[in-house]
Amino acid sequence: MANAPDSTTQLSARSLHWLGVSCGFGAGAWLGAAEAPTKLVTAGFSPFIISLGMVAGVFVARWTVPMLLKGTGYIWLDLKEKKHLLVWAILAGMLWAVANTLTVFAIRNVGLSVAFPLWNTNSLVGLFWGWLLFNELRNSGAKQWLKVLGGAAGIVSGACLLAYATTRHAGGGPHGTAALGILAALGAGLLWGTMYIPYRKAYLSGMNPLSFVTVFTFGELGTVFTLALVFGGGYHGVMADMVKVRPVMFWLFLGGFCWVLGDLFQQYAAKYVGISRGIPLSNTNQLWGLAWGALVFGELSGQTATAQTLVVAGSLVMVAGAAAICSAEAPQSEHNARRDAMQRECSRYGMQLERLEASMRGEDVLARQKPRRHWWEALVGLAALGIFIWLGISAERAPIAVNLVWMAILSVATLALLVVCGLLLWRRTRFS
């Protein structure tokens, strides 16, 4: 029988729990903001080109943010120690790419404020995989199970309510039916929920989230480019569409950059509180998606009062379900079950359990080896900034109506969460 944890260990576990919770909220804000540029699909641009433009911004951000925070020497050392996780990171990127493309179709057919909660059923999928593969919620007790299952029921009920509101009151648009939009959103949720398997596997193996996302981007960029070639009329068709979308490419790049920041927070939430809790918490992005869709783009202005009420009620029910799941702090018995899962990874890949446990406690194990930083890393950061400036100079106002006041309010709130959550991560874990 494991020894009872002392007060210091309990305090450390609790601080990591709330760090993961904070990262989940930060992820929600930035993932919500990242989807706003996909509204450009309603202006007639190809969904595959919209997705490709965002992923190009993601690719630039995924190389620069981890490098500036920890350095290429640190990232390379981490990847070298855990070569077996490279294929998992690429697979996760491929799943993300297909899911992200489906979200563009969903937004085109049913709108941002409705599509968001539907694809956030990924929390149910992630909850299942976390329990089945990584011992999450094992030995956690009836109270924690009640919170999680009650929250799951709330998420499902909210999704059903939103689906009813869409099919009953919205109807199909000129680009397709609402039913197809719902299927696209739910398909994205299934793929994103499955994508969290490589996430959790990586962190139980001690990999730094910054290293994981650096490899992740190769899978997503290659997959999105392939989809664009296959369904966008081949190379010449893609290049022609890229010329058309050039005036608004800045906004797509910006959306991709925002998504990277949100995903990084989500990665840390998955590491420190698990996918069963961290992913539902990051799904508060549905509130941000609802705010951007309704307040900035006026999506609900043409709906009946009944439809608007159902959309808002469904969103609130889903958020309440996610909150119930994430309030279930893991007891020591569940931590012991997680340790068993880590031991399995150690036996399979020849790693040291003590190092993995230290990483899960927020300790920066790799920093002890003092990896080198290089002078040219600053030049790479400046080059990335130059790309955004170059795109911004020729950018045109997006051909969609927006409420500038609400856009400013939501942008300031999102930046505030970036500062708060970033400081918490730095002080507690040094971004480990």
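The values are calculated or read from the model by the stated rules, or taken from the named source; none is laboratory data. For clarity, every value in this text was computed on a predicted model and none was experimentally measured. Ideal geometry is used to build each Cβ from the backbone, glycine not excepted, and the neighbour counts take in all protein chains shown.
So that you can scan it fast, the table gives a plain yes or no per residue for (1) β-branched (Val, Ile, Thr); (2) exposed (fewer than 14 other Cβ atoms within 10 Å of the Cβ); (3) touching a strand residue (DSSP E or B) at 6+ places or on another chain (Cβ under 6 Å); (4) more than 30 Å from residue 431 (Cα to Cα):
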{"position": "364", "(1), (2), (3), (4)": "no, no, no, no"}
{"position": "374", "(1), (2), (3), (4)": "no, yes, no, no"}
{"position": "379", "(1), (2), (3), (4)": "no, yes, no, no"}
{"position": "397", "(1), (2), (3), (4)": "no, yes, no, yes"}
{"position": "404", "(1), (2), (3), (4)": "no, yes, no, yes"}
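Does region 218-234 hold any residues that are assigned to a helix (DSSP H, G or I) and either surrounded by fewer than 24 Cβ atoms within 10 Å (Cβ to Cβ) or modelled with pLDDT of 90 or more (or both), and which are they? Write out each step before concluding.
Filtering region 218-234 down to residues assigned to a helix (DSSP H, G or I) leaves 218-231, 234.
Of everything in region 218-234, those that are assigned to a helix (DSSP H, G or I) and either surrounded by fewer than 24 Cβ atoms within 10 Å (Cβ to Cβ) or modelled with pLDDT of 90 or more (or both) turn out to be 218, 219, 221, 222, 223, 225, 226, 227, 229, 230, 231, 234.
Look through 324, 269, 313, 341 and report the one residue that is hydrophobic (A, V, I, L, M, F, W, C), in contact with a Phe, Trp or Tyr (Cβ under 8 Å, 6 or more places away or on another chain) and in a helix (DSSP H, G or I). Can you show your working first?
Numbers: 324 fails: in contact with a Phe, Trp or Tyr (Cβ under 8 Å, 6 or more places away or on another chain); 269 fails: in contact with a Phe, Trp or Tyr (Cβ under 8 Å, 6 or more places away or on another chain); 313 fails: in contact with a Phe, Trp or Tyr (Cβ under 8 Å, 6 or more places away or on another chain).
Testing whether each residue is hydrophobic (A, V, I, L, M, F, W, C), in contact with a Phe, Trp or Tyr (Cβ under 8 Å, 6 or more places away or on another chain) and in a helix (DSSP H, G or I) leaves just 341.
I'd like to verify a number: residues in region 362-401 that are in a loop (DSSP other than H, G, I, E, B) and within 30 Å of residue 271 (Cα to Cα), how many? So that I can check it myself, show each step before the final result.
Step one: of region 362-401, the residues in a loop (DSSP other than H, G, I, E, B) are 362-365, 370-375, 394-401.
When the remaining residues are screened for being within 30 Å of residue 271 (Cα to Cα), the result is 362-365, 370-374.
Here the count works out to 9.
Under 8 Å between Cβ atoms, which residue pairs at least 6 apart in sequence (or on different chains) link something in region 98-126 that is touching a residue at least 60 places away in the same chain (Cβ under 8 Å) with a partner that is among the basic types (Lys, Arg)?
Pairs found: 107/39; 112/39.
Tell me which of these residue 206 doesn't satisfy, since it passes every other one: (1) in contact with a Leu (Cβ under 8 Å, 6 or more places away or on another chain); (2) touching a residue at least 24 places away in the same chain (Cβ under 8 Å); (3) assigned to a helix (DSSP H, G or I).
The single condition residue 206 does not satisfy is (3).
Looking at region 287-302, which of its residues are assigned to a helix (DSSP H, G or I), of a type in the set (Phe, Trp, Tyr) and under 11 Å from residue 403 (Cβ atoms)?
Residues of region 287-302 assigned to a helix (DSSP H, G or I): 287-296.
Among the residues that remain, those that are also of a type in the set (Phe, Trp, Tyr) are: 288, 292.
If the condition is that a residue be assigned to a helix (DSSP H, G or I), of a type in the set (Phe, Trp, Tyr) and under 11 Å from residue 403 (Cβ atoms), then 292 is the only one that fits.
Of these, 106, 159, 99, which one is at pLDDT below 80, of a type in the set (A, V, I, L, M, F, W, C), in a helix (DSSP H, G or I) and within 22 Å of residue 28 (Cβ to Cβ)?
Working: 106 fails: at pLDDT below 80; 99 fails: at pLDDT below 80.
Checking each option against the conditions leaves just 159.
Can you tell me how many residues within region 209-256 are among the aromatic types (Phe, Trp, Tyr) and free of Cβ contacts under 8 Å to residues at least 60 places away in the same chain?
To start, the set of residues in region 209-256 that are among the aromatic types (Phe, Trp, Tyr) comprises 212, 216, 218, 225, 231, 235, 250-251, 253.
Checking which are free of Cβ contacts under 8 Å to residues at least 60 places away in the same chain leaves us with 235.
Counting residues in region 209-256 that are among the aromatic types (Phe, Trp, Tyr) and free of Cβ contacts under 8 Å to residues at least 60 places away in the same chain gives 1.
When the residues of region 38-82 are filtered to those that are more than 15 Å from residue 228 (Cβ to Cβ) and not in a helix (DSSP H, G or I), which remaining residue is modelled with the lowest pLDDT?
Among them, the one singled out is 44.
In this structure, is residue 193 at pLDDT below 85 and within 25 Å of residue 106 (Cβ to Cβ)? Walk me through how you get there before you give the answer.
Values: at pLDDT below 85: no; within 25 Å of residue 106 (Cβ to Cβ): yes.
Spelling it out, it is not the case that residue 193 is at pLDDT below 85 and within 25 Å of residue 106 (Cβ to Cβ).
Determine if region 251-264 includes at least one residue that is closer than 26 Å to residue 328 by Cα, in contact with a Lys or Arg (Cβ under 7 Å, 6 or more places away or on another chain) and buried (at least 23 other Cβ atoms within 10 Å of the Cβ). Break it down stepwise before answering.
Step one: list which residues in region 251-264 are closer than 26 Å to residue 328 by Cα, which gives 261-264.
Next, from what is left, pick out any that are in contact with a Lys or Arg (Cβ under 7 Å, 6 or more places away or on another chain): none.
No: zero hits.
Between 359, 347, 315, 327, which is closer than 30 Å to residue 285 by Cα and either at pLDDT 90 or above or acidic (Asp, Glu) (or both)? So that I can check it myself, show each step before the final result.
On the way: 347 fails: closer than 30 Å to residue 285 by Cα; 315 fails: either at pLDDT 90 or above or acidic (Asp, Glu) (or both); 327 fails: either at pLDDT 90 or above or acidic (Asp, Glu) (or both).
Being closer than 30 Å to residue 285 by Cα and either at pLDDT 90 or above or acidic (Asp, Glu) (or both) holds for just one of 359, 347, 315, 327, which is 359.
So if I check each of 128, 134, which one is modelled with pLDDT of 85 or more, under 21 Å from residue 193 (Cα atoms) and either buried (at least 24 other Cβ atoms within 10 Å of the Cβ) or of a type in the set (S, T, N, Q) (or both)?
134
How about region 285-301: which of its residues are small (Gly, Ala, Ser) and under 20 Å from residue 318 (Cα atoms)?
Restricting attention to region 285-301, the residues satisfying the condition of being small (Gly, Ala, Ser) are 289, 291, 293-294, 298, 301.
Within region 285-301, 289, 291, 293, 294 meet the criteria.
Would you check which residues across region 421-432 are surrounded by 13 or more Cβ atoms within 10 Å (Cβ to Cβ) and either of a type in the set (Asp, Glu) or not in a loop (DSSP other than H, G, I, E, B) (or both) and list them?
Residues of region 421-432 surrounded by 13 or more Cβ atoms within 10 Å (Cβ to Cβ): 421-422, 424-425, 428-432.
Result: 421, 422, 424, 425, 428, 429.
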